[in-house]
Each structure stands twice: as C-alpha cells, then as structure tokens.
Amino acid sequence: MPGLIRGVARTAVVAGTATAVSNRVSRRQAGRWAQQDAQEYAPQSAPAPYAAQEAPPPATQSSVLSSADKIDQLKELGELKAQGVLTEEEFQEQKRAVLSG
C-alpha cells in the first residue's frame, strides 16, 4: 500500500509541475502576442533622435533573480524530459522560451 501512495504522490507532483510550466508558457505567449498586436496596430511615429535615447539601466538584484528563476525552470524542464513527460522537441521549444524571456 505505501508503494501505491508513493506512486500516486509522485504522479501528482509531476502533473502539478507540468501544469505550472504549461500555464506559465501560455501566459507568456499571450503577453507576447498582445504586445505584437499592440505594436502592429499602433500609429507609426518618427523614432526619437539618438541623443534623446536613454541608456539601459544597470543590472540589479532583480535581474540576478530572473537568472536564478530561469535556471530553476530549466532544471524543472530537464526533470520533466527525464521522466518522459516532455519530448525532445517540446523540451527544446520550452528551453528556448525560457532562455529568450
């Protein structure tokens, strides 16, 4: 009986992790599509002069955290692939999505 409970618990964890990753990817894609639509339908204006453009902000603690989050997500994806939840193609697609965003 304990083996059965352990198997059910493991399945629940894998399913929960897969659902969380899938939902995050879906939200991210929807945000990108909305951003693309907004840019596509936005009125075209002249670009600002070069001198008026601001320099990117320096790296902060939040950018370090996002790198740590990406590493965690990549580890989760690797585990899902190792467990057979994700195919190689799905893994590569999700990995590209994590690394690009």
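Where a number appears in this text, it was derived from the coordinates with a stated rule and is not lab data. All values derive from a computational prediction rather than experimental measurement. Using ideal geometry, Cβ is built from the backbone for each residue, glycine included, and neighbour counts are taken over all protein chains shown.
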Once both labels are modelled 7 Å past Cα along the beta-carbon direction, what's the residue 92-residue 4 spacing in nm?
-> 4.2 nm
How far, in nm, would the chain grow between residue 15 and residue 33 when pulled straight, counting 0.36 nm per residue and subtracting the alpha carbon separation?
-> 3.8 nm
